[in-house]
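Just below is one structure, and these are the notes that go with it.
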Amino acid sequence: MEQEADPASVARTILLDKLTGQPRTRAELADVLAERDIPDEVADEVLDRFTDVGLIDDAAFANAWVESRHRGRGLGKRALAQELRRRGVDDELARDALEELEPEQEEETARQLVRRKLRSMRSLERQVAMRRLLGMLARKGYPGGMAMSIVKQELDASHDEFPLIDSSGLGPE
């Protein structure tokens, strides 16, 4: 871009370019403008204008992010909250978006993850399978109590279809 170009028009061009590929948070866009040496007052003015016309909407971004990442990657609330925080979403907006995720939906997603993973664990000891399943759910942001309950239930329910060996070689208690 030309050095004599109006900083506001340069900022608008940068923002439109960044928003074309995917939605972004106001904080992410502010960082991009700072990296491009757009003065803070110009950046704030352009960001405010984009927010006013609805091109930047952190609440909508947070809601869409939670829905997409929960459905697509199976992430739990804790992991989703961390991702939103990293992307610069305000804690209150993140909390509102996470409240849209029903506890039953989160639990069912965790169950599906465990069932899918269990298929590849036939040759493992029960304790090894349990440890791996709990680790997977923890990395995806599920609370420990919920994870333990689901893993135990699914291990017991799937024993006939996918028998695991325990250290004695006899199966579940």
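The values are calculated or read from the model by the stated rules, or taken from the named source; none is laboratory data. No experiment lies behind these values; they were computed from the predicted model shown. All Cβ positions, even for glycine, are placed from backbone atoms using ideal geometry, and neighbour counts span all protein chains on display. Ligands, DNA and RNA are excluded from the accessible area calculation, which covers all protein heavy atoms including side chains. Shrake-Rupley method; radii C 1.70, N 1.55, O 1.52, S 1.80 Å.
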Does any residue of the stretch 44-61 turn out to be touching a Lys or Arg at 6+ places or on another chain (Cβ under 9 Å), open to solvent by 40 Å² or more (accessible area, probe 1.4 Å) and in a helix (DSSP H, G or I)? yes
I need the full set of residues from the stretch 29-41 which are open to solvent by less than 30 Å² (accessible area, probe 1.4 Å) and more than 28 Å from the chain's Cα centre (by Cα), in order please. ILE38
Exactly one of ALA64, ALA97 is assigned to a helix (DSSP H, G or I), surrounded by 21 or more Cβ atoms within 10 Å (Cβ to Cβ) and either touching a residue at least 12 places away in the same chain (Cβ under 8 Å) or not small (Gly, Ala, Ser) (or both), and that one is ALA97
If you check every pair at least six apart or on different chains, which have Cβ atoms under 7 Å apart with a residue in the stretch 67-87 that is open to solvent by less than 70 Å² (accessible area, probe 1.4 Å) first and a residue that is of a type in the set (Phe, Trp, Tyr) and assigned to a loop (DSSP other than H, G, I, E, B) second? GLY76/TYR142
Hey, does the stretch 104-114 have a residue that's in contact with a Gly (Cβ under 7 Å, 6 or more places away or on another chain), in a helix (DSSP H, G or I) and in contact (Cβ under 8 Å) with a residue 60 or more places away in the chain? no
